[in-house]
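A.B. asks: Before I ask anything, let me first share the structure, which is written out below as structure tokens.
Please treat every number below as a calculation from the coordinates, not as lab data. What you are looking at is a predicted structure, and each value in this text was computed from that prediction instead of being measured. Methodologically, a virtual Cβ is constructed for each residue, glycine included, from the backbone with ideal geometry; neighbour enumeration extends over all protein chains shown.
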Amino acid sequence: MPELQLRPFAPEDTPALCHLYAATTRAINGQHYTRLQVERWAGFADDQAAWCARLGRNLTIVAEQFGQIVGFAELEPGGEVGYFYVDAQRQGQGIGTQLMQRLLLLAGELTTTQVHADVSVSAMPFFAAQGFTVVARLEPMVCDAPAPRYRMTRALPPR
Ligand SMILES: CC(C)(COP(=O)(O)OP(=O)(O)OC[C@H]1O[C@@H](n2cnc3c(N)ncnc32)[C@H](O)[C@@H]1OP(=O)(O)O)[C@@H](O)C(=O)NCCC(=O)NCCS
């Protein structure tokens, strides 16, 4: 894999992250959810000001290759993994693994002993490969159809 740079989020990343999120949601999550559900989620990226505020408030890591953003991951102060996305054209190249390793390292520096995530069906095998365990299967209704997700947790090594 070409060298990957991991760095903190900067406000000027917002348009690229919103674009990556919407495109990946359509291409990857669209394999497991209905078109209406995927369009609703992709539409969240339309409010770039809200994204910028949220990602800036949380601990957000951006992955770059050759100066181009190829993924990002967000951690809330309580240990909740929020947005976690890799460019749809660069899936399966180890970018998600590197983002997760950095996220877990940073989580270990916070006053948290566990990390949690509500994970899509699409991402569940990845989170399982990263040491997360399913604690519940959630089945909210979104756009009049079930939208299954998994509640997953992972313990952090003692500090
Ligand atoms: C989940 C996601 C971030 C993983 O990123 P990635 O860069 O493709 O992950 P990696 O290449 O580091 O994969 C690492 C390992 O995870 C597992 N994995 C990843 N995607 C998988 C899939 N779709 N099915 C099964 N296993 C998968 C594999 O074990 C893989 O290792 P290996 O192929 O070398 O054996 C990416 O697929 C994604 O952006 N998904 C859509 C967005 C999403 O649902 N995000 C989670 C929000 S809840």
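A.B. asks: What is the chain's relative contact order, in percent, from Cα pairs under 8 angstrom and six or more apart in sequence?
C.D. replies: Averaging sequence separation for qualifying contacts and normalising by length gives 21 percent for the chain.
A.B. asks: Would you kindly state how much longer the chain becomes between D46 and V121 on full extension, computed as 0.36 nm times their sequence separation minus their alpha carbon distance, in nm to one decimal?
C.D. replies: Full extension of this stretch gives 24.6 nm more.
A.B. asks: Let me ask you something else. Report, in deg cm²/dmol and to the nearest 500, the calculated mean residue ellipticity at 222 nm for the chain, where each DSSP H run with n ≥ 4 adds -39500 (n - 2.57) and the sum is divided by the residue count.
C.D. replies: -10000 deg cm²/dmol
A.B. asks: Along Cα→Cβ, 7 Å out, is where each label goes; now give me the distance between the ones at V134 and Q89 in nm to one decimal.
C.D. replies: Modelled inter-label distance: 3.3 nm.
A.B. asks: Rank the residues V142, V115 as a footprinting-exposure proxy: fewest other Cβ atoms within 10 Å of their Cβ go first.
C.D. replies: The fewest-first ordering by Cβ neighbours comes to V142, V115.
A.B. asks: Which helices pass in the chain if a helix is a full DSSP H run, must span at least 18 angstrom along its long axis by Cα, and must have mean Kyte-Doolittle hydropathy not below -1.0?
C.D. replies: Span-like helices, by this rule, are 14-27, 95-109.
A.B. asks: Using a/c under 1.5 as the rounded threshold, could you call the stretch 1-40 rounded, prolate or oblate? The axes a ≥ b ≥ c are square roots of the C-alpha gyration tensor eigenvalues, and prolate needs a/b larger than b/c, oblate otherwise.
C.D. replies: Oblate, because a/c is 1.5 or more while a/b does not exceed b/c.
A.B. asks: So between M1 and N58, what do we pick up on full extension, going 0.36 nm a residue minus the alpha carbon distance?
C.D. replies: 17.7 nm is the gain from fully extending M1 to N58.
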